[in-house]
1. Considering only segment 25-56, state which residues are assigned to a loop (DSSP other than H, G, I, E, B), in contact (Cβ under 8 Å) with a residue 40 or more places away in the chain and either open to solvent by 40 Å² or more (accessible area, probe 1.4 Å) or within 12 Å of ILE3 (Cα to Cα) (or both).
2. Out of LEU22, LEU18, I need the residue that is aliphatic (A, V, I, L, M), open to solvent by less than 40 Å² (accessible area, probe 1.4 Å) and without any contact (Cβ under 8 Å) to a residue 40 or more places away in the chain. Which one?
3. Which one of ALA36, ALA50 is among the small types (Gly, Ala, Ser) and either modelled with pLDDT of 95 or more or in contact with a Lys or Arg (Cβ under 7 Å, 6 or more places away or on another chain) (or both)?
Amino acid sequence: MKIEISDYCIRCGICEDLYPDLFKRNYEKHCIDILADEVPPELEDRVRKAADDCAVAAIRIR
């Protein structure tokens, strides 16, 4: 499983606040960094919840 963040992300930081093990706000590049290239199976439920919790539905799962 992989995560993508769409260009329309508003960088509100909800993902980082709720899931700091998966996301980190990058103040220099004004974006949200994804901390895992490939999501381990034990974090897949958290990724699905993060996608559901995103304020603008910018988190996509591949």
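The values are calculated or read from the model by the stated rules, or taken from the named source; none is laboratory data. Note that the structure is a prediction, hence the values are computed from the model and not measured. Neighbour counts are summed over all protein chains in view; Cβ atoms, including those assigned to glycine, are modelled from backbone coordinates with ideal geometry. Accessible surface areas use protein heavy atoms only, side chains included; no ligands, DNA or RNA. Shrake-Rupley method; radii C 1.70, N 1.55, O 1.52, S 1.80 Å.
1. Keep residues of segment 25-56 that are assigned to a loop (DSSP other than H, G, I, E, B), which gives 27-30, 35-40, 54-56.
Add one more test, that the residue is in contact (Cβ under 8 Å) with a residue 40 or more places away in the chain, and what stays is 54-56.
Within segment 25-56, ALA55, VAL56 meet the criteria.
2. On the way: LEU18 fails: open to solvent by less than 40 Å² (accessible area, probe 1.4 Å).
Of the residues listed, the single one that is aliphatic (A, V, I, L, M), open to solvent by less than 40 Å² (accessible area, probe 1.4 Å) and without any contact (Cβ under 8 Å) to a residue 40 or more places away in the chain is LEU22.
3. The unique qualifying residue is ALA50.
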